[in-house]
Amino acid sequence: MGESTSPFTIKSAAPRKTRIRDLVNVYSKASCRVWLTLDRRTLELVEADSLGKPMDVGTPPEWLTYELEQDGWDNLVDYPYREAERVGWALACGIAPGQPFLVEVDPPVHSTHWTDCGYEYDTDYSSELVRVTPLPPEDVARRWEVWLWWAALDCDARERAAAAQKATTEAQRALALADPSALFITSDVYFGPRDSIDYMPSGLRIYLNSAHLGRGGGVLVSGEDDRGDPGKAWAMLLERAATVLPSVRPDYLRALPWHRPHINREEVRSGLD
């Protein structure tokens, strides 16, 4: 067998038939042993409660309750974030979706280090895979087959959602370009290339927005100047605006309000049909 890439150390894996009522969570201040499982659809790391509550011995210590409220089990057992890496982790550990496994987690170790930027605070977790409940090979294969089916459905749903969002964005932009009455101006400052973060930023950026682009309005084009010159920022904005709104005069843009105007979207749409 090749070398395992699991972040866990396998302590014991004696095969025997295990039922949920045989599972026992053991809590203490020194360490905790808890039965977990991978969600059959999402591969999220969850406690085995979803399969039927295991018996508890002791009470979860404060450090475990706190860590779970902050980050969940993923950080405690160094569980990967990306789906593909989760699949590799599960296969390396011999864990199928929905298959209970026992982990032992020690209290986190907190440390403080001084750096040139001040103090850095680190938290380290230590965990081990104690046992995986045995499953027949055909059951393991079936569980992964079901997960692949769910993954395909979820992928298709994401693609349809992305296509719908793209269509919505394109429709909003087309409406924004066709309705000058929904245009407005905003601005903000930024740190220029010669600025120091210890002082106020000197750069000025001016935005040409449309109320049709999202709930709060979105940006069509912008112009900026690193030294905060409004004339140069406006000149750049007008030059860029001419490429997307060639029929709108510069003096109209300069007279736009510096706030989001109230528009009747239904009237605008009906007038453009």
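The values are calculated or read from the model by the stated rules, or taken from the named source; none is laboratory data. Not measured: the values here are computed from a predicted model. Note: ideal-geometry Cβ built from the backbone for every residue, glycine included; neighbour counts use all protein chains shown. The protein model used for the area step is the full one, side chains on, heavy atoms only, and it has no ligands, DNA or RNA in it. Shrake-Rupley method; radii C 1.70, N 1.55, O 1.52, S 1.80 Å.
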For the stretch 179-271: accessible area per residue (Å², 1.4 Å) = 60
Once you list every other residue whose beta carbon is under 13 Å from the beta carbon of ARG160, what net charge do they have if Lys and Arg are +1 and Asp and Glu are -1?
-> -1
Note, PRO193: beta-carbon cut-off 11 Å, +1 each Lys/Arg, -1 each Asp/Glu, net 0
Within the stretch 89-119, whose backbone N sits under 15 Å from a point 7 Å along Cα→Cβ of LYS29?
-> 107-108
Using alpha-carbon positions, the gyration tensor of the stretch 20-135 gives root eigenvalues a ≥ b ≥ c; with a/c under 1.5 called rounded, otherwise prolate if a/b exceeds b/c, else oblate, the class is oblate
Per residue, accessible area of the stretch 20-135 with a 1.4 Å probe, heavy atoms of protein chains only, in Å², comes to 55
Taking H placed 1.01 Å from N in the peptide plane, check which residues at least 5 places from ASP229 or on another chain put their amide H under 5 Å from its amide H.
-> LEU204
Between beta-carbons, use under 11 Å as the cut-off and find the net charge around VAL105, counting Lys and Arg +1, Asp and Glu -1.
-> -4
Note down the Stokes-Einstein diffusion coefficient of the stretch 97-231 in µm²/s, whole number, using a Kirkwood radius over alpha carbon pairs, 10 °C, and 1.306 mPa s.
-> 72
Between THR42 and ASP156, the two model label points (7 Å from Cα along the beta-carbon direction) sit apart by a distance in nm of 2.1
About its Cα centre, how strong a charge dipole does the stretch 20-135 have in debye, to the nearest 20, once Lys and Arg get +1 and Asp and Glu get -1 at the Cβ?
-> 700
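Over the stretch 179-271, what relative contact order in percent results from Cα pairs under 8 Å that are six or more residues apart?
Result for the stretch 179-271 is 30 percent.
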So how compact is the stretch 152-260: Cα radius of gyration and Dmax in angstrom?
-> 17.3, 54
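In percent, what relative contact order does the stretch 20-135 have, based on Cα pairs under 8 Å that are 6 or more apart in sequence?
Computed over the stretch 20-135, the figure is 28 percent.
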Kindly state, to the nearest 0.05, the FRET efficiency for TRP114 paired with GLU85, given R0 = 25 Å and r defined as their beta-carbon distance.
-> 0.15
